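Peer 1: Please read through the structure below; I'll follow up with questions.
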Amino acid sequence: MPRITIGKGDESLIIVMSATASPENVAHVVQRLEDIGAEAHVSEGRSRTVIGAVGERQTVEQMPWEAFSGVERAVPVLKPFKFVSRDFQASDSVVEVGTALIGGGHLAPIAGPCAVETRDQLFASAEAVARAGATILRGDAFKPRTSPYAFQGLGEKGLELLAEAREEFGLPFVAEVLDPRDVELVSSYADLIRVGTRNMANFTLLSELGKQTKPVLLKRGFTATIEEWLNAAEYIYKEGNHDVVLCERGIRTFETATRNTLDISAVPVLKGLSHLPVVVDPSHSGGRRALVAPLTRAAVACGADGFMVDVHPEPENALVDGAQAIVPDEFAELMDDVRALAAVVGVAV
Ligand code: PEP
Ligand code: MN
């Protein structure tokens, strides 16, 4: 049977199975696709199974898929990324992270230190961001550093401290995973797993994250186009993990006044192309404390579903990224602005 490989421009149809479809119903659809020479990509999510059918358009589309048992609907998708596209799902995805919601009208303030350094440092930051209204704590145990000699994070000890902070302050937390070999470890602690800018195109890591059940926060590669980024999200989604959140964190341009150039237009562009929630990281894009509040306000005003900021009790003593961290009082003030803007935009915070 000739096989057609997925590539830019390949036509495809997404077949959405109903929540009550049986494994036999799924197998039957897959068999029929194979019979007509098409390729079936099965993505088994927690609530339903979706099948990406790639093949010659006329052949695939002429089948009465909606008459097959267990099929809810069949949607043609012309974009290179399929499951994450707005064509596939018109409504906004809402991602649940512990007690917090991201997307579909729920704005998530994510805040905390760049890296977990000590228990006191983490707890001071967590206490302050929880009090000011953050819904998710950030803090890293594994740090991707430009220099191999810089502080690399506390490893599992850092994850233990984050789990303790979650108990103490009632905030779910997000932490980065750098290596496919650590996915199981990070996923056993974190509520939301972050893929950093340097790993956006690490397809082995993305596939591993697609096979586990914790939601994933996928940062934009600093040299990635929006299409490349959505294809990276597709790698996770396709494996069965449908809880993916995109995070714009700035891209490398000719401009040197900022660490990276925050591509604020990515927010409305993504909203048009994809149903996934979009958050913005004003700390790693601006790279400077003074830019954090204005860039956060811009993100909320233009429709982001959340933002993630570095908050450190003593930025001057930070082991990582002190220059871009704001202090607890600044975060509390920023949250007042965020609440006012959220009311204007019509999102819940
Ligand atoms: C971070 O959020 O701590 C981080 C390392 O970000 P990025 O991957 O965007 O540089
Ligand atoms: Mn950082």
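Peer 1: If you go through region 214-244, how many residues are of a type in the set (V, I, T) and within 13 Å of the chain's Cα centre (by Cα)?
Peer 2: 3
Peer 1: Here's something else I'd like to know. Taking region 71-117 only, how many residues are at positive phi and within 16 Å of ligand 2 (Cβ to nearest atom)?
Peer 2: 1
Peer 1: How about region 112-130: which of its residues are in contact with a helix residue (DSSP H, G or I) (Cβ under 8 Å, 6 or more places away or on another chain) and crowded, with 20+ Cβ neighbours inside 10 Å?
Peer 2: G112, P113, C114, A115, V116, L122, S125, A126, A128, V129
Peer 1: Let me ask another. When the residues of region 113-169 are filtered to those that are β-branched (V, I, T) and within 18 Å of T99 (Cβ to Cβ), which remaining residue is farthest from the chain's Cα centre (by Cα)?
Peer 2: Per the criteria, the residue is V129.
Peer 1: Can you name the residue in region 131-151 that is at pLDDT below 95 and touching a Phe, Trp or Tyr at 6+ places or on another chain (Cβ under 8 Å) and is also nearest to E330 (Cα to Cα) among such residues?
Peer 2: K143
Peer 1: Restricting the search to region 122-144, which residues are within 16 Å of ligand 2 (Cβ to nearest atom), among the aliphatic types (A, V, I, L, M) and part of a helix (DSSP H, G or I)?
Peer 2: L122, V129
Peer 1: To continue, here is another question. Quick check on my filter: what residues within region 194-209 are away from ligand 2 (no atom under 16 Å from the Cβ), of a type in the set (A, V, I, L, M, F, W, C) and open to solvent by less than 50 Å² (accessible area, probe 1.4 Å)?
Peer 2: Correct list: L205, L206, L209.
Peer 1: Give the residue, chosen from A40, A111, A21, that is modelled with pLDDT of 90 or more, more than 27 Å from V279 (Cα to Cα) and outside any loop (DSSP other than H, G, I, E, B).
Peer 2: A40
Peer 1: Can you tell me which of G133, G153 is on the phi > 0 side of the Ramachandran plot, small (G, A, S) and away from ligand 1 (no atom under 13 Å from the Cβ)?
Peer 2: None of the others qualify; the one that does is G133.
Peer 1: Quick one: would you say V71 is in the same structural domain as A21 (by TED's automatic domain parsing), open to solvent by 10 Å² or more (accessible area, probe 1.4 Å) and among the hydrophobic types (A, V, I, L, M, F, W, C)? Show your work before the answer.
Peer 2: On the way: in the same structural domain as A21 (by TED's automatic domain parsing): yes; open to solvent by 10 Å² or more (accessible area, probe 1.4 Å): yes; among the hydrophobic types (A, V, I, L, M, F, W, C): yes.
Yes, satisfied.
Peer 1: Can you pull out the residues in region 244-283 that are closer than 23 Å to N202 by Cβ, in contact (Cβ under 8 Å) with a residue 60 or more places away in the chain and surrounded by fewer than 24 Cβ atoms within 10 Å (Cβ to Cβ)?
Peer 2: Correct list: R259, L273.
Peer 1: Okay, next question. Look at region 145-159 and say how many of its residues are part of a helix (DSSP H, G or I) and touching a Leu at 6+ places or on another chain (Cβ under 9 Å).
Peer 2: 3
Peer 1: Any idea which residue in region 165-180 is farthest from ligand 1 (Cβ to nearest atom), counting only those that are part of a loop (DSSP other than H, G, I, E, B) and open to solvent by less than 10 Å² (accessible area, probe 1.4 Å)? Steps first, please.
Peer 2: We begin by selecting, within region 165-180, every residue part of a loop (DSSP other than H, G, I, E, B); these are 170-172, 177-179.
Remaining after also requiring open to solvent by less than 10 Å² (accessible area, probe 1.4 Å): 172, 177.
Values: P172: 16, V177: 11 Å.
The residue in question is P172.
Peer 1: While we're here: Does L162 qualify as being touching a residue at least 40 places away in the same chain (Cβ under 8 Å), more than 14 Å from ligand 1 (Cβ to nearest atom), buried (at least 23 other Cβ atoms within 10 Å of the Cβ) and within 23 Å of V279 (Cβ to Cβ)?
Peer 2: no
Peer 1: Please return the ranges of helices (runs of 4 or more DSSP H) entirely within region 270-349 where 3 or more residues are within 16 Å of ligand 1 (Cβ to nearest atom).
Peer 2: Ranges flagged: 282-286, 289-301.
The values are calculated or read from the model by the stated rules, or taken from the named source; none is laboratory data. In this text the structure is predicted, and so the values were computed from the model without any measurement. All Cβ positions, even for glycine, are placed from backbone atoms using ideal geometry, and neighbour counts span all protein chains on display. With ligands, DNA and RNA removed, areas are computed over all heavy atoms of the protein, side chains included. Shrake-Rupley method; radii C 1.70, N 1.55, O 1.52, S 1.80 Å.
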